[in-house]
Amino acid sequence: MSVPDPLLTPVGLGGLTLPNRVAVAPMTRISATGDGRATSRMAAYYARFARGGFGLVITEGVYPDDQYSQGYRNQPGLATAAQARAWRPVVDAVHEAGGAIVAQLMHAGGQAQSNEHREHTVGPSAIAPRGEQLPTYRGSGPFPTPRALTLAEIAEVRRGFVAAARRAVEAGFDGVELHGANGYLLDQFLTDYTNQRTDHYGGGVENRLRLAAEICDDVLQAVGSETTVGIRISQTKVGDREHRWAGGSKDAEIVFSGLGQVGPHYVHTTEPDATAAAFDDGRETLAEHARQHSGVPVLANGGLGDAEMARAVLRSGGADVVSLGKAALTDRDWVRTARDGRGPAPRALFDLLAPLADIKDSELA
Ligand SMILES: Cc1cc2nc3c(=O)[nH]c(=O)nc-3n(C[C@H](O)[C@H](O)[C@H](O)COP(=O)(O)O)c2cc1C
């Protein structure tokens with residue numbers, strides 16, 4: 001009797017059942033109109049992954065409100081009804097190709113490089129993110145120092161995520177993923193060095209997690225009965241590839257059990273190498289910590305483009321789903337290739353992401 005391929009068995013995430021356990025990781029491709037509307041080019045781009053067999057497509061980070069959330073020029077939004085309408089053909093194209101699609105909602109906070117609505121940036125505290133702006137997203141030099149959000153503005157950020165999640169449902173998305181990773185606003189709150197607040201959003205890990213947990217709860221209350229709601233979490237950031245949570249495994253327990261109490265339909269962890277120990281004080285990966293403490297399905301991401309490695313992560317119970325970024329870009333038929341043990345020669349990543357990270361003509365067919 002042949003053993004089933006762990007990549008190819010179905011899995012449920014909330015009310016959504018995926019035909020396999022391979023997702024496209026969220027990837028910003030700055031190919032929307034200047035006012036943040038998704039385009040037919042994006043529909044062709046996203047549908048191609050579904051045609052290639054990926055059970056789930058997670059969109060690039062989409063900005064939720066018309067205040068401080070936009071991060072990049074030509075980034076798509078879900079901040080207005082017009083932006084929501086523009087997503088409909090993208091969603092339909094992915095569905096017609098047999099895939100499911102989740103919108104990643106991302107507030108850039110202090111990591112914003114361009115915002116057509118506001119001149120300056122905001123964050124938990126007036127502390128600039130580490131690192132430099134990304135030239136492939138038209139940025140250069142250090143990030144400016146953000147202005148610290150007031151409590152009233154934090155409440156507005158929360159309402160922005162809820163309204164965007166409602167628009168995502170109207171546009172036909174199968175779910176929303178809250179971007180709590182990679183140094184964007186929710187991760188700026190979680191991170192000790194960017195969050196120096198003295199109110200209930202600052203201090204210990206529980207307080208720094210509060211905004212992400214509140215937004216997760218708000219969005220679940222608003223749309224959770226009709227759509228899948230996930231949250232993405234990382235240690236590293238766009239401009240800080242070395243960051244580790246100071247409390248190690250203890251912090252992981254607080255973060256993931258805190259999120260588990262709120263009860264999203266999945267947690268999506270990302271690390272440069274998803275198979276590496278997350279902390280010096282133990283051997284578990286970040287995804288394993290998430291699985292152990294959250295009690296919800298976990299998507300693992302980071303360097304899992306080798307099919308045998310991805311299988312091993314699923315087989316060992318290290319995660320319920322793997323998500324692929326760069327490997328999906330270089331082989332849109334990755335799922336078929338993994339199934340058949342052979343496939344097309346991978347494309348060169350550099351050609352796709354330079355000089356800008358926008359969608360190239362060759363990615364549409
Ligand atoms: C071009 C590009 C754009 C990305 N944009 C996003 C994004 O919008 N949101 C996000 O959470 N991660 C983003 N990432 C990170 C990926 O989702 C993923 O975590 C990372 O590429 C590591 O996974 P991999 O080794 O499978 O590529 C991006 C990565 C790439 C290569």
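Derivation of every value follows stated rules applied to the coordinates shown; laboratory data play no part. Nothing here was measured: the structure is a model prediction, and the numbers come from that model. Neighbour counts are summed over all protein chains in view; Cβ atoms, including those assigned to glycine, are modelled from backbone coordinates with ideal geometry.
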Seminar exercise, completed: region 1-63: spread of alpha-carbon positions along the three principal axes, whole Å, largest first, is 55, 23, 15
For this session: Starting at the first residue of region 339-356, write each ³J(HN,Hα) from the Karplus equation 6.51 cos²θ - 1.76 cosθ + 1.60 with θ = phi - 60°, in whole Hz, x for Gly and Pro.
Result: 5, 8, x, 7, x, x, 5, x, 7, 7, 5, 4, 5, 7, 10, 9, x, 10
Seminar exercise, completed: The set of residues whose placed amide H lies less than 5 Å from the amide H of Thr28, leaving out same-chain residues fewer than 5 positions away, is Gly61
Problem set entry | 5 angstrom amide H check on Glu177, placed H, neighbours 5+ away | Ala103, Gln104, Leu105, Gly230
Exercise. So if R0 is 22 Å, what FRET efficiency would Arg159 and Arg88 give, r being the distance between their Cβ atoms, rounded to the nearest 0.05?
Worked result: 0.40
Exercise. Given labels modelled 7 Å from the Cα in the Cβ direction, how far is it in nm from Ala128 to Thr198?
Worked result: 2.5
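Contour minus end-to-end for Ser2 and Leu353, with contour as 0.36 nm per residue of separation and end-to-end as the Cα-Cα distance?
Length gained between Ser2 and Leu353: 122.4 nm.
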Exercise. What is the calculated FRET efficiency for Asp340 to Asp273, with r their C-beta to C-beta distance and R₀ = 22 Å, to the nearest 0.05?
Worked result: 0.25
Exercise. Quick one: if you take sqrt(5λ) for each eigenvalue of the C-alpha gyration tensor of the chain, what semi-axes come out, biggest first, whole angstrom?
Worked result: 28, 24, 19
Exercise. Binned at 10 Å from 0, what are the whole-percent values of the Cα-Cα distance distribution for region 138-234, short to long?
Worked result: 15, 44, 31, 11, 0
For this session: Tabulate in residue order the Karplus-calculated ³J(HN,Hα) for region 319-336, using 6.51 cos²θ - 1.76 cosθ + 1.60 with θ = phi - 60°, rounded to whole Hz; enter x for Gly and Pro.
Result: 6, 9, 9, 10, 10, 10, x, 4, 5, 6, 5, 7, 8, 5, 9, 3, 5, 5
Seminar exercise, completed: Note to self: C-alpha centroids of region 153-188 and region 7-62 sit apart, in Å, by 17
Problem set entry | Residues with amide H under 5 Å from that of Arg73, placed H, sequence gap 5 or more | Ser114
For this session: Could you list the residues of region 331-354 with an amide nitrogen less than 11 Å from a label point located 7 Å from the Cα of Asp361 in the Cα-to-C-beta direction?
Result: none
